[in-house]
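Peer 1: Sharing a structure with you now.
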Amino acid sequence: MKHPLPTEIYILCTGAVLLSWSVLRAASSPVKVDGKEIRLEFDSTLHSRVIARFDGKEIALGPFEASETVTIDGAELRDFALEGSKQQSVRDELGAGREVSLTGIAGQVRKTVLATVYDAFPRMIFLKVRYTNQGKAEMKVAAWTNNRYSIAAEAGAAEPAFWSLQSGSYERRPDWVLPLKVGFKQENYLGMNATDYGGGTPVTDIWRRDVGLAVGHIETTAKLVSLPVAMPDATRATLELSFHTPQALKPGGTLETFRSFVAVHRGDYFQTLKSYSAVMQKRGLKFAAAPASAFEPIWCAWGYGRTFTPKQVEGALPVVKKLGFGWVGVDDGWQSSDGDWGLVPAKFPAGDADMKALVDKIHSQGFRAQIWWAPLAVKPDSNLAKDHPEQLLLNADGSKQKISYWNDWYLCPADPAVLEHHKKLVVKMIKEWGYDGLKLDGQHMNAVPPCYNPAHKHARPEESVEGLARFFQTIYESARSIKPDALVEWCPCGTAFNVYTLPNLNMSVASDPHNSWQVRTKGKTLKALHGDATAYFGDHVELSDGRQDFASTVGVGGVVGTQFTWPTGSGRNNRLDLTAEKEQIWQKWISLYNEKRLSQGEYRGDLYDIGFYRPEAHAIRKAGSMYYAFFAPQWQGKVELRGLDRRVYTVRDYENGKTLGTVRGPAGTLEVQFQAHLLLEAKPE
């Protein structure tokens with residue numbers, strides 16, 4: 001290949017790769033790292049910019065910026081004089097690719113950037129950066145930043161100019177997917193943002209109508225990084241990956257960053273998360289397929305509250321059966337104390353025998369039984385906390401980490417004794433009592449702080465953070481070893497799911513959604529991460545808009561559930577009563593859910609941009625048909641049915657049993673009118 005300038009370096013997605021050094025100290029042209037649909041360009045100070053490459057067009061998303069920096073001795077080093085670069089072919093766990101290595105100097109610090117593209121991931125570029133102390137004195141490192149970029153607003157774009165996916169977990173339980181406004185800023189720190197709120201998936205994404213930009217890291221254990229997103233003014237939005245790492249860098253020593261990435265895409269964030277998930281699976285994370293029983297609708301006794309009685313659960317079973325539910329959940333309130341997890345004597349006077357009798361009663365009516373549990377939580381006055389304080393997670397000052405919601409303390413997930421205690425509890429619940437599934441619950445499960453308990457002899461305090469996924473792996477594997485089709489539901493109460501725990505469950509949850517928007521966006525996010533084989537539970541319908549929005553769960557392929565109480569007046573809140581009117585509504589939707597079982601279809605989150613396409617749209621393919629769910633307060637106009645084959649389809653409003661006409665694929669349009677939602681089935685003729 002003939003290079004127009006000797007200082008330019010090209011990496012091609014096909015063809016041979018030239019290995020050579022190029023001296024670029026006086027270069028006026030950037031060093032280019034090319035993927036099929038993305039390019040990174042580095043200038044003479046090792047600043048970079050991102051270019052999206054779609055359909056033969058190149059879109060520069062922002063200016064050259066100090067994208068990778070390090071803070072040493074109180075100063076952020078932003079500019080490194082480019083010395084040279086080289087390129088070579090690589091092959092590793094992510095497949096065949098090409099790597100460019102760039103080096104630069106700032107004072108006594110040498111910077112090396114390794115940028116790699118892979119044939120299998122045409123929209124992503126992966127980076128690792130090394131900083132070497134070439135001086136004679138020790139340096140104090142405070143932090144580093146990778147992938148700091150801006151994305152410019154389109155000229156003349158209407159508000160909002162950008163939508164975003166946020167990855168942090170906060171006590172206020174904000175939306176994961178939201179539009180950006182001028183002045184917006186969120187740190188998205190994946191450590192603890194409150195005493196019992198933290199963690200998340202290390203990916204953030206910003207997109208406009210024509211293109212999107214995402215950054216993250218692909219380490220195989222959780223790291224205490226931040227992924228701040230901001231919109232400082234109307235012209236741009238920013239994102240980056242940063243890590244605070246106070247440490248000494250001795251002469252000749254090297255600091256190496258986590259392996260991070262930048263990605264581009266069209267549409268919303270769904271494709272970014274799908275690609276990220278594929279990368280992580282190649283790196284060893286495997287997401288569990290749910291048993292067929294996981295897709296049965298769920299009735300939970302939480303409507304009776306913590307004061308429930310076994311008699312209340314048993315009394316509701318005939319109505320639960322009539323309505324078509326497959327699971328019965330015994331919720332919070334059975335335990336004598338968090339941590340000990342014994343039985344409340346007043347409810348279970350014969351102890352284990354009474355609990356087993358309750359499970360047998362549930363089974364006798366044809367249901368599977370599920371039990372609520374909050375692992376890692378322990379009451380300060382529990383026997384476990386009194387007898388085994390060495391199992392507690394301790395902060396750096398020796399204090400105990402509090403789970404504020406229950407006024408509990410954390411146990412350390414990396415302590416072998418804690419793992420053994422929880423394994424024994426799984427055996428009791430699944431084998432001895434006979435339960436078929438676990439409902440693991442609590443925002444505290446999503447993250448833990450570093451542990452400084454000297455009894456644990458941690459090599460690093462962060463072992464607790466990194467060991468959290470292994471803790472839940474122990475629970476998951478223990479349950480499945482007893483009952484291979486055991487359901488392990490994981491409900492982290494409003495937090496942004498920690499991706500490292502996703503392999504250790506077979507049902508994710510909308511986890512206490514504030515509204516129907518969160519039911520739908522959490523469903524889209526989780527299906528991008530763990531795929532369709534893992535079940536997604538839309539949580540109790542009483543948490544949705546109007547307390548009866550089944551359509552949001554059905555429309556995104558979720559499993560439906562409820563916490564209604566029967567007979568009326570028996571629950572903790574009369575709004576949960578199953579009145580005669582509500583029973584008709586519940587009967588309709590449970591029957592519709594069981595008829596269609598869209599939760600076992602293929603969710604096509606790539607077809608519609610949840611931020612910019614109106615009305616909001618979701619699509620599912622199942623058994624040759626396409627199913628669409630449209631949402632808006634009111635809508636009159638055309639909707640586009642995407643993802644069809646090149647054939648004619650009959651379109652029905654399957655909620656109301658009305659035929660609306662025919663369309664021809666691959667994308668047909670239909671004139672419709674609706675309030676709140678419209679559910680359509682496109683069946684090939």
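The values are calculated or read from the model by the stated rules, or taken from the named source; none is laboratory data. All figures in this text were calculated on a predicted structure; none of them were measured in a lab. Note that each Cβ is placed from the backbone with ideal geometry, even for glycine, and that neighbours are counted across all protein chains shown. All accessible areas refer to the heavy atoms of the entire protein, side chains included, with ligands and DNA or RNA removed. Shrake-Rupley method; radii C 1.70, N 1.55, O 1.52, S 1.80 Å.
Peer 1: How large is ³J(HN,Hα) for each residue in segment 161-168, as worked out from phi by the Karplus curve 6.51 cos²θ - 1.76 cosθ + 1.60 (θ = phi - 60°), to whole Hz, x for Gly and Pro?
Peer 2: 6, 9, 10, 8, 10, 9, 10, x
Peer 1: Could you pull out the longest piece of the chain with no exposed loop trypsin sites (Lys or Arg not before Pro) in it, calling a site exposed if DSSP puts it outside H, G, I, E, B and it has at most 12 other Cβ atoms within 10 Å?
Peer 2: 458-645
Peer 1: Right, here's the next one. Ignoring any ligand, DNA or RNA, what whole percent of the accessible area of the chain comes from carbon and sulfur when the probe is 1.4 angstrom?
Peer 2: That fraction is 50 percent.
Peer 1: At 222 nm, what helix-only mean residue ellipticity would the chain give, in deg cm²/dmol to the nearest 500, using -39500 (n - 2.57) for each DSSP H run of four or more?
Peer 2: Dividing the helical sum by the residues of the chain leaves -5000 deg cm²/dmol.
Peer 1: Just the Kirkwood number for segment 389-489, please: inverse of mean 1/r across all distinct Cα pairs, in Å, one decimal.
Peer 2: One decimal place: 14.3 Å for the Kirkwood radius.
Peer 1: Can you find, among Ser260, Ala301, Phe550, the residue farthest towards the positive end of the dipole of the chain? Put +1 on the C-beta of Lys and Arg, -1 on that of Asp and Glu.
Peer 2: Ser260
Peer 1: How charged is the neighbourhood of Asp485? Take every other residue with its Cβ under 11 Å from the Cβ of Asp485, and add Lys/Arg as +1 and Asp/Glu as -1.
Peer 2: Charge balance in the 11 Å sphere: +2.
Peer 1: Could you tell me the accessible area of Val182 in Å² (1.4 Å probe, neighbours in place), rounded to the nearest ten?
Peer 2: It works out to around 90 Å².
Peer 1: Structure shown: which of Lys282/Lys439; Lys321/Lys524; Lys322/Lys622; Lys140/Lys250; Lys311/Lys582; Lys286/Lys527 lie over 20 Å apart, alpha-carbon to alpha-carbon?
Peer 2: Lys282/Lys439; Lys321/Lys524; Lys322/Lys622; Lys311/Lys582
Peer 1: Quick one: angle between helix 580-596 and the longest Cα principal axis of the chain, in degrees between 0 and 90, rounded to 10, please.
Peer 2: 50 degrees
Peer 1: Using Cα centres only, tell me the gap between segment 283-326 and segment 199-241 in whole Å.
Peer 2: What the calculation gives is 36 Å, centre to centre.
Peer 1: Another one. Just to verify a number: FRET efficiency for Gln134 and Ala155, C-beta to C-beta distance, R0 = 35 Å, to 0.05?
Peer 2: 0.20
Peer 1: So if I place +1 on the C-beta of Lys and Arg and -1 on the C-beta of Asp and Glu, and nothing else carries charge, what would the dipole magnitude of the chain be about its Cα centre? I want it in debye, nearest 20.
Peer 2: 1140 debye
Peer 1: If you don't mind, there's one more thing I want to ask. For the chain, what D do you get in µm² per second when you plug the Kirkwood radius from alpha-carbon pairs into Stokes-Einstein at 25 °C and 0.890 mPa s?
Peer 2: D, rounded to a whole number, is 91 µm²/s.
Peer 1: Next question. Along the Cα→Cβ direction, 7 angstrom out, place labels at Phe64 and Gln587. What is the inter-label distance in nm?
Peer 2: A separation of 7.2 nm, rounded to one decimal place.
Peer 1: For the residue pair Asp175 and Val344, what label-to-label distance in nm results when each label sits 7 Å from Cα along the Cα-to-beta-carbon direction?
Peer 2: Spacing of the two 7 Å Cα→Cβ label points: 3.8 nm.
Peer 1: Taking K and R as +1 and D and E as -1, what net charge do the other residues with C-beta under 12 Å from the C-beta of Trp207 add up to?
Peer 2: Within the 12 Å Cβ shell, the charges total -2.
Peer 1: Once you wrap a convex hull around the alpha carbon atoms of segment 40-164, what is its projected area averaged over all directions, in nm²?
Peer 2: The number I arrive at for segment 40-164 is 10.3 nm².
Peer 1: List the pair-distance distribution P(r) of segment 333-431, using every Cα-Cα distance, as the percent of pairs falling in each 10 Å bin from 0 up to the bin containing the longest distance, rounded to whole percents.
Peer 2: 14, 42, 29, 12, 2, 0
Peer 1: Would you kindly derive the ³J(HN,Hα) couplings of segment 607-623 from the backbone phi angles with the Karplus curve 6.51 cos²θ - 1.76 cosθ + 1.60 (θ = phi - 60°), listing them in order in whole Hz, with x for Gly and Pro?
Peer 2: Karplus values, whole Hz, x for Gly and Pro: 7, 9, 7, 5, x, 10, 7, 10, x, 4, 9, 9, 9, 9, 9, 8, 6.
Peer 1: Where the centroid of each part is defined by its Cα atoms, how far is segment 356-396 from segment 635-676 in Å?
Peer 2: Computed from Cα coordinates, the inter-centre distance equals 48 Å.
Peer 1: Can you give the extra length, in nm with one decimal, that the chain gains between Ala417 and Ala75 once fully stretched, where that is 0.36 nm per residue apart less the Cα-Cα distance?
Peer 2: Roughly 118.7 nm would be gained on extension.
Peer 1: If the chain between Lys683 and Lys250 were fully stretched, how many nm would it gain, using 0.36 nm times the residue separation less the Cα-Cα distance?
Peer 2: Length gained between Lys683 and Lys250: 149.1 nm.
Peer 1: While we're looking at this one, here's another question. What shape does segment 573-660 have by the C-alpha gyration tensor, where a ≥ b ≥ c are the square roots of the eigenvalues, rounded means a/c under 1.5, and otherwise prolate means a/b greater than b/c and oblate the rest?
Peer 2: prolate
Peer 1: Then there's this: For Leu670, what charge total do you get from the other residues with a beta carbon under 9 Å from its beta carbon, if Lys and Arg give +1 and Asp and Glu give -1?
Peer 2: Local charge sum for Leu670: -1.
Peer 1: Also, I was wondering about something else. Classify segment 188-296 as rounded, prolate or oblate, taking a ≥ b ≥ c as the square roots of the eigenvalues of its Cα gyration tensor: rounded when a/c is under 1.5, otherwise prolate if a/b is larger than b/c and oblate if not.
Peer 2: Note, shape of segment 188-296 comes out oblate.
Peer 1: Next up: Plugging the Kirkwood radius over Cα pairs into Stokes-Einstein for segment 250-359, at a temperature of 10 °C and a viscosity of 1.306 mPa s, what D comes out in µm²/s?
Peer 2: 83 µm²/s
Peer 1: Using a Förster distance of 22 Å, how high is the FRET efficiency between Asn407 and Asn574, based on the Cβ-Cβ distance and rounded to 0.05?
Peer 2: Calculated transfer efficiency: 0.20.
Peer 1: Using +1 at the Cβ of each Lys and Arg and -1 at the Cβ of each Asp and Glu in the chain, identify which of Asn146, Gln312, Ser226 lies farthest towards the dipole's positive end.
Peer 2: Towards the positive end, the residue furthest out is Asn146.
Peer 1: For the chain, give me the percentage of DSSP beta bridges that are antiparallel, rounded to the nearest 5 percent.
Peer 2: Once the DSSP bridges in the chain are tallied, antiparallel ones form about 85 percent.
Peer 1: Report Asp354's accessible area, 1.4 Å probe, all protein chains in place, as a number in Å² to the nearest 10.
Peer 2: For Asp354, solvent-accessible area is about 50 Å².
Peer 1: Under a 1.4 Å probe, what is the accessible area of the chain per residue, stated in Å²?
Peer 2: 37 Å²
Peer 1: According to a simple spin-label model (label point 7 Å from Cα along Cα-to-Cβ), what is the distance in nm between Arg664 and Lys356?
Peer 2: 6.7 nm
Peer 1: Show me, for segment 213-221, the HN-Hα J-couplings you get by feeding each phi into the Karplus relation (A = 6.51, B = -1.76, C = 1.60, θ = phi - 60°), rounded to Hz, glycine and proline as x.
Peer 2: Per residue, the Karplus-derived 3J(HN,Hα) values read 9, 9, 9, x, 10, 10, 5, 8, 10 Hz.
Peer 1: Can you list, largest first and rounded to whole Å, the semi-axes you get for segment 612-677 by taking the square root of 5 times each eigenvalue of its Cα gyration tensor?
Peer 2: They are 19, 13, 12 Å, listed largest first.
Peer 1: Given a Förster distance of 45 Å, report the FRET efficiency between Ala455 and Glu93 from their Cβ-Cβ distance, rounded to the nearest 0.05.
Peer 2: After rounding to 0.05, the efficiency reads 0.75.
Peer 1: Taking the Cα centre of segment 523-582 as origin, work out the dipole magnitude from +1 charges on Lys and Arg Cβ and -1 charges on Asp and Glu Cβ, in debye rounded to 20.
Peer 2: The dipole magnitude comes to about 80 debye.
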